[in-house]
Amino acid sequence: MTTQTVRIVNLDEIEPNRRRGGDLRVMLGPATVGSTSGFMGLALIEPGDMIAEHYHPYSEEFIHVVVGSIEVDLDGVTHELRPDQGLMIPKNMRHRFRNVGRVQARMVFQLAPLAPRPELGHVDTEGTEPAETVGADS
């Protein structure tokens, strides 16, 4: 029997993280539910907006598009992602997301395993100019 508590997390409980573009919300992670093997969240990307290029040296990233039309650049090669499509991004692969549609795109992301320390889990390879910086790392 486990001693860990169960917690249901609502999207509106999570502060938006806009420092890399888009609106990234880590819903299920070490800070919200005490996870120890990875984290999961939702990216909300407005038409014309993007999530800047980055890579994860310790984690694979799993993507599932729920709504919208997204282009993803993987090590400089562009691929289209549509609703009900998924993608696994290997460790150390540079990637960037763009909403090329007319509606807000919604994309579920999950990363595992966790980096040894949060600040090591994400490496930015280009900057963005967001309106504000809020929320947790992703």
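Some points to look at:
- Matching residues in segment 1-23 - criterion: being in contact with a Leu (Cβ under 8 Å, 6 or more places away or on another chain) and either buried (at least 20 other Cβ atoms within 10 Å of the Cβ) or hydroxyl-bearing (Ser, Thr, Tyr) (or both): 17, 22, 23
- Screening residue 71 against (1) part of a loop (DSSP other than H, G, I, E, B); (2) modelled with pLDDT of 95 or more leaves a single unmet condition, (1).
- Just one of the numbered conditions (1) open to solvent by 40 Å² or more (accessible area, probe 1.4 Å); (2) part of a strand (DSSP E or B); (3) touching a Pro at 6+ places or on another chain (Cβ under 9 Å) is not true of residue 78: (3).
- Selection count where residues are assigned to a strand (DSSP E or B), under 12 Å from the mean Cα position of the chain (by Cα) and not charged (D, E, K, R), scope segment 42-68: 13
- Checked against (1) out of contact with any His (no Cβ under 7 Å at 6 or more places or on another chain); (2) modelled with pLDDT under 95, residue 93 passes all but condition (2).
- Filter result for residue 127 (part of a loop (DSSP other than H, G, I, E, B), modelled with pLDDT under 95 and out of contact with any His (no Cβ under 6 Å at 6 or more places or on another chain)): yes
- Annotation for segment 19-41: at least one member residue is farther than 24 Å from residue 116 by Cα and assigned to a loop (DSSP other than H, G, I, E, B).
- Residue count, segment 30-75 (criterion: closer than 20 Å to residue 13 by Cα and crowded, with 16+ Cβ neighbours inside 10 Å): 11
- Of 96, 106, 102, all but one fail to be within 12 Å of the chain's Cα centre (by Cα), open to solvent by 70 Å² or more (accessible area, probe 1.4 Å) and basic (Lys, Arg); the exception is 106.
The values are calculated or read from the model by the stated rules, or taken from the named source; none is laboratory data. All values derive from a computational prediction rather than experimental measurement. For neighbour counting, all protein chains shown are included, and Cβ atoms are generated from backbone atoms with ideal geometry for every residue, glycine included. For accessibility, only protein heavy atoms count, side chains too; no ligands or nucleic acids. Shrake-Rupley method; radii C 1.70, N 1.55, O 1.52, S 1.80 Å.
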